[in-house]
Structures are given as structure tokens and as C-alpha cells.
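The values are calculated or read from the model by the stated rules, or taken from the named source; none is laboratory data. These numbers come from a predicted model, not from an experiment. Glycine gets a Cβ as well: all are built from the backbone with ideal geometry, and neighbour counts include every protein chain shown. We work out accessible area using only protein heavy atoms, side chains counted, and drop any ligands, DNA or RNA first. Shrake-Rupley method; radii C 1.70, N 1.55, O 1.52, S 1.80 Å.
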Amino acid sequence: MTNANIHPGSINDDWPGYSLDLFNYPTHYSGDLDCVIIPHGVIMDRTERLARNIMDDLGDHDIVVLCVLKGGYQFCADLVERIKALSRNSNHTIPMRVHFIRLRSYLVSPPSRPLSNDQSTEDLHILGAEDLSFLAGKNVLIVEGIVGTGKTMETLLQHVKAFKPKMIKVAGLLVKRVQHSLASVPDYVGFEIPNRFVVGYALDYNEYFRDLNHICIISESGKKKYKV
Ligand code: HPA
Ligand code: MG
């Protein structure tokens, strides 16, 4: 991750988003969303460009993609597709492996102050990362759907570094503009977004909305409906 305060593809706090009426989306979510903040087609176009930037930097050596589940699966799949297309169409193709890891956060709040459904906790545990010795000497690309406080990324980076890869880069489709600015941001950022809860394109609210293609803002009634 690099230190930087400049983010490409910044979506302003006052951006009202697109009306849901402009696009198709699953009817089982009608009333559950306020607006579309990033339509699926725009995500795909941005991903294509990120793939090119990634290949320019990492394309000299075997790549291992570390997909952070579950929220990163769609971005990772689409990004890998585009990297493959670039590799197919160039005269130096590079082998690529894809590995999946998952971060579990445990509820650590006292019962008197339970966390609400759109908050995350700090106590992280990495699953699927027990033996990453195959990362040694490789170019590693960590792929995340959304980066909030950056704590998840930091934890993961520390863990991955221990396996001595040649290079580590981080790609995050979305980076939230949080109060305390991040110490580090991903090397490849799709969009910087307002600090609001978003869903769709594999990002969930209590496991709902992963089956929505656009990135949307959940409505208050949606939050209530899918609360656990
Ligand atoms: N949406 C879904 N998952 C998340 C978010 C979000 O806004 N922030 C952190 N994890
Ligand atoms: Mg989630």
C-alpha cells in the first residue's frame, strides 16, 4: 500500500447518485435501496483500466492473486478476467494463480453496547492463510471489494509480508472516505466513496444484496428489513 491523499475516481459526499428507475435491478430489492452510486457498467470499465495498470506494474513475473472473500469475489473475478485478456493479447504472457482468503471479525462489543448491523469489529482472524509459502518470490496482488478503516488491509499485509513475496500490491474497488484518513491506501483504487454503507457487486448487508450488480446505497427500510 502507498501513502497518498489523492484518490482517483472520487465520488463526492453530495453526489445524489442515479435514480433506481434508470436501471434494471432485482425486483426483490425494490424499496430497499435509495440510489445507485456506481452502475455496473462503470465498474466494469474502471476494472478494465485497473487491469492494465496492474499488468504494467506486475506483469514481469508470476502473479498470485489473493482474493479477500466474500466481498471481493466479484471484483476479483472480473479483474482476473481482464488481466487474462491482456495476457492473452500480449506476447509475454504470465502465469497467474488465484487464492482465496477470508477475514473473520469476532463480535467484541459488550452486550450493553451491541454493534449495529453496518459496523465492523476490530478482532480479525485470517482463514485460508495458514500456509502461504507459495508466495515466496512471487508478485502478490491482494484484491478487496471495499476498504474502510484500512485495518483489515494492514493485518493482511503484515501476514503476507512474512512469506517473502517479491512484491505486494493491493487493489481495492472502493475506498471509503473515513474521518481519520487512512495511513495507507491501496495501490489501485477503483473509486473513493463517501463514508456511507453501500451494497451490491458482492458487498452485502447481512448476506443480502450480493446478487445486485450495481453499487447502491441501502435505504433505511432496507436496513430494517434485513436486520439480524
Ligand atoms: N458495505 C458492505 N460491506 C462493508 C462496507 C459497506 O459499506 N464497509 C465495510 N464493509
Ligand atoms: Mg459483509
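A count restricted to region 152-169 and to residues that are more than 16 Å from ligand 1 (Cβ to nearest atom), in contact (Cβ under 8 Å) with a residue 40 or more places away in the chain and not in a strand (DSSP E or B) stands at 4.
Of all the criteria given as (1) of a type in the set (S, T, N, Q); (2) away from ligand 1 (no atom under 11 Å from the Cβ); (3) at pLDDT below 90, the one not satisfied by T149 is (2). One residue stands out among those in region 184-221 that are touching an Asp or Glu at 6+ places or on another chain (Cβ under 6 Å) and of a type outside the set (D, E, K, R): the one that is nearest to ligand 1 (Cβ to nearest atom), which is F197.
Yes/no per residue for (1) crowded, with 18+ Cβ neighbours inside 10 Å; (2) within 14 Å of ligand 2 (Cβ to nearest atom):
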{"site": "D187", "(1), (2)": "yes, no"}
{"site": "F191", "(1), (2)": "yes, no"}
{"site": "N195", "(1), (2)": "no, no"}
{"site": "A202", "(1), (2)": "yes, yes"}
{"site": "R210", "(1), (2)": "no, yes"}
{"site": "H214", "(1), (2)": "yes, no"}
{"site": "I218", "(1), (2)": "yes, yes"}
{"site": "K225", "(1), (2)": "no, no"}
{"site": "V228", "(1), (2)": "no, yes"}
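Given the criteria part of a strand (DSSP E or B) and away from ligand 2 (no atom under 16 Å from the Cβ), does G172 qualify? Against the criterion (part of a strand (DSSP E or B) and away from ligand 2 (no atom under 16 Å from the Cβ)), G172 does not qualify. Consider K224 carefully, then state whether it is away from ligand 1 (no atom under 11 Å from the Cβ), at pLDDT 95 or above, in a helix (DSSP H, G or I) and not aromatic (F, W, Y). Yes; evaluated as a whole, the condition is true for this residue. Screening region 35-89 for residues that are within 16 Å of ligand 2 (Cβ to nearest atom) and over 28 Å from G137 (Cβ atoms) and picking the one that is least open to solvent (accessible area, probe 1.4 Å) gives G71.
Looking across region 26-64 at every residue that is modelled with pLDDT of 95 or more and among the acidic types (D, E), the one that is nearest to K227 (Cα to Cα) is identified as D32.
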